[in-house]
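K.L.:
Once you've had a glance at the structure underneath, I'll fire off some questions.
The values are calculated or read from the model by the stated rules, or taken from the named source; none is laboratory data. The structure presented is a predicted model; accordingly, all values stated were derived computationally and were not measured. With ideal geometry, Cβ positions are generated from the backbone for all residues, glycine too; neighbour counts draw on all protein chains shown.
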C-alpha cells in the first residue's frame, strides 16, 4: 500500500519582471515561468493500493482539519491490511489444496 503526504499549493499566473524579460531577450535558453506557486499550510494524505473500503484521500478543509481525520486514515489502513492478509491466506490455502490434489493424482 502506498502512503503519500502532500502539501497543497496555489497556482497563479506569473507576471514577468523587467529582469526576466531582459534575460529572455539576451539568452535563448532562459524561460519565463508561466505560473507562480505558493505553498499552503493545507496537507493531503493519499492512500494507494489495497482494497479501498471508505476513502483514499483526506485533506484539510474549512470544516475539518487533517488532524481530526487521522482516526479515519488509521482505520482505512487497518481495513486494507486485514483484507490483504485475508487474501494472502486464501491464496495460500488455494495453493495448498492444489498441491494436495496434484499429489493425490500422482
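K.L.:
What number of residues within segment 17-32 are surrounded by 10 or more Cβ atoms within 10 Å (Cβ to Cβ) and not in a helix (DSSP H, G or I)?
P.N.:
Initial filter on segment 17-32 (surrounded by 10 or more Cβ atoms within 10 Å (Cβ to Cβ)): 17, 20-24, 30-32.
Those still in the list that are not in a helix (DSSP H, G or I) too: 17, 30-32.
So the answer is 4.
K.L.:
Search segment 1-38 for residues being closer than 30 Å to residue 50 by Cβ and modelled with pLDDT under 90, and hand back the single one that is farthest from the chain's Cα centre (by Cα). It would help to see each step written out before you state the result.
P.N.:
At the first step, the residues of segment 1-38 found to be closer than 30 Å to residue 50 by Cβ are 1-9.
Now narrow it down to the ones that are modelled with pLDDT under 90: 1, 7-9.
Working: 1: 10, 7: 11, 8: 12, 9: 15 Å.
In this case the residue turns out to be 9.
K.L.:
What residue, among those in segment 33-74 that are touching a helix residue (DSSP H, G or I) at 6+ places or on another chain (Cβ under 6 Å) and outside any strand (DSSP E or B), is surrounded by the most Cβ atoms within 10 Å (Cβ to Cβ)?
P.N.:
50
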